[in-house]
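The values are calculated or read from the model by the stated rules, or taken from the named source; none is laboratory data. Quantities reported herein were computed from a predicted structural model and do not represent experimental measurements. A quick note on method: Cβ atoms are made from the backbone with ideal geometry, for glycine too, and the neighbour counts reach across all protein chains shown.
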Amino acid sequence: MHNKSVINLVKDNYLLVLIVLTGIVLRVYNLGAESIWYDESISLAVSKLSITDQLTWNIVQNESNPPFYYMVLHFWIPLFGDSEFISRMPSAIFGSLSIPAIYAVGKLMFNKKAGLLAALILAVSVFHIRYSQEARGYTLMVLLTLVSFYSLLRMTGSRKRVYGVLYVLCNVLLMYTHYYGALVVVSQNIFYFTLFLRDRKAGEIDIRRWLTLQAVTGLLFLPGFLLWAKVTLSIQSGFWVPEPTLGSVAGYFTEYAGSGLVLIIFVIFALLSVASFRNIKDSRRLKNFIQGFDGFPESLGISSGSVMYLLILWLLVPILVPFIISIASTPVLVFRYTICASLAFYLLVAKGISNLANNRLVLAVSAVIVVLSLINVDKLYERIDRPQWREVIKGIETDAGYGDVVLIFPSYEKDSAEYYRHRDDLKVITMSERLPTLPELGNRNIWIVIPADSEDTRSLKLDSSTGYDLLSERSYVGLNVLQLSEKNLYNER
């Protein structure tokens with residue numbers, strides 16, 4: 001009986017199964033192809049600390065990412081290893097699980113067709129595939145955000161405690177994964193209190209229940225608030241993020257879509273999803289082309305208009321709030337931090353496509369999106385855009401003499417070099433903008449690894465006082481390697 005129920009479940013949801021399998025393949029394929037880069041090396045280095053040391057590091061370093069994702073890796077890596085493929089696998093898993101999660105949210109908000117379309121868009125999204133192949137916490141943010149909104153929507157139509165528990169748990173873990181997770185909670189509170197002012201509740205969620213949920217969330221995240229306050233104070237003197245412009249923010253939507261052409265399609269159907277067709281749907285020309293908002297899931301205790309309002313908040317708050325903060329104070333807006341907003345965008349697009357009454361037209365639009373997205377994904381697989389630390393360190397260890405010195409500039413890149421180092425006799429140290437003098441290095445031949453970025457290269461001073469000759473220079477993606485020897489030593493040999 002159990003096997004029959006599983007078979008029937010697959011038969012009833014075969015399209016979702018195919019979409020999920022496609023998403024898994026796209027996320028796992030080529031997973032370990034590129035080198036670990038700086039952000040990932042930080043993830044791996046911190047994950048190897050004890051939980052107590054992780055928390056201490058988070059406090060001392062004023063780390064802009066909370067500790068939960070590092071804790072996930074802390075338990076993952078001892079079990080499975082820390083190769084590029086294995087280290088990125090949790091992100092691929094979270095990204096893959098997000099596909100059925102967005103289906104569940106889309107089906108709950110609108111209907112099964114919209115849920116399937118949202119899952120399809122997410123499955124082939126080059127934006128999400130990229131971050132599913134990076135050892136950072138972005139896809140964990142995505143999964144927790146989707147489950148949070150699913151729980152919220154369930155609470156509007158039901159008073160079951162399980163949805164409240166799931167809601168609090170997801171929001172707490174979301175904020176412990178990334179501070180931008182708080183913006184998801186902000187958007188949900190704006191939504192609730194707007195409906196409260198109008199209806200004195202949001203479906204089955206009365207004010208007492210809502211305030212209790214928020215109070216429990218706040219108490220559980222209290223240590224996170226302290227960390228957040230410390231990080232906020234530390235970045236007031238300056239942060240690495242440039243000040244955003246309206247043009248750069250508009251470019252986020254191109255990132256979400258994957259290309260300008262896909263963005264045009266997305267914008268058309270996102271607008272179609274929020275437009276009201278009540279006044280025109282009876283038109284003889286349009287009634288067979290566009291469906292209105294007639295379909296509405298009975299499991300929700302809020303109107304279709306409220307659902308659309310929630311989606312708009314979900315889309316805009318994670319972008320506009322940090323944008324305003326960046327203009328008024330220190331810049332804090334980074335496009336990849338807004339990854340949760342892209343989910344609302346995909347749901348709006350999916351709803352717009354599902355408004356088309358002709359199923360053949362729905363299939364045609366879906367096919368175009370899939371083909372264009374897969375072209376973008378293929379380009380992602382082909383290009384190398386992470387610094388080639390694996391190739392750099394392998395080349396140095398192949399050619400370096402015993403006891404040679406490897407200098408890393410700038411200093412924060414040392415973790416990337418250490419991840420790939422195998423030879424214990426090589427001394428890997430960091431350097432400032434000026435090359436150390438001979439006595440400091442013990443008269444060793446040295447290898448300098450510097451970013452290919454011209455600004456970093458220009459700031460390195462290779463003047464005559466260092467006492468070294470340049471023997472060779474090698475170029476890699478994102479990095480340059482200089483081989484130096486004591487002045488005249490090479491010629492005398």
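Out of the stretch 141-175, which residues are buried (at least 24 other Cβ atoms within 10 Å of the Cβ), within 18 Å of residue 225 (Cα to Cα) and in contact (Cβ under 8 Å) with a residue 40 or more places away in the chain?
Scanning the stretch 141-175 gives 141, 171, 175.
How do the helices (runs of 4 or more DSSP H) wholly within the stretch 8-81 filter down when requiring 3 or more residues that are under 20 Å from the mean Cα position of the chain (by Cα), crowded, with 21+ Cβ neighbours inside 10 Å and in the same structural domain as residue 101 (by TED's automatic domain parsing): which remain?
Working: elements: 14-28, 38-47, 51-60, 68-80.
Hits in the stretch 8-81: 14-28, 38-47, 68-80.
I'd like the full set of residues that are more than 31 Å from the chain's Cα centre (by Cα) and more than 22 Å from residue 84 (Cβ to Cβ), limited to the stretch 408-428.
425, 427
For residue 330, all conditions in the list (1) surrounded by fewer than 17 Cβ atoms within 10 Å (Cβ to Cβ); (2) in contact (Cβ under 8 Å) with a residue 40 or more places away in the chain; (3) farther than 30 Å from residue 416 by Cβ hold save one; what is the number of the exception?
Exception for residue 330: condition (3).
Quick check on this structure: which one of 364, 328 is over 20 Å from the mean Cα position of the chain (by Cα) and modelled with pLDDT of 95 or more? I'd like the intermediate steps shown before the answer.
Details: 328 fails: modelled with pLDDT of 95 or more.
Unique residue meeting the criteria: 364.
Would you mind stating whether residue 25 is out of contact with any Phe, Trp or Tyr (no Cβ under 9 Å at 6 or more places or on another chain) and of a type in the set (A, V, I, L, M, F, W, C)? Before the answer, list the steps.
Details: out of contact with any Phe, Trp or Tyr (no Cβ under 9 Å at 6 or more places or on another chain): yes; of a type in the set (A, V, I, L, M, F, W, C): yes.
Taking the combined requirement at face value, the residue satisfies it.
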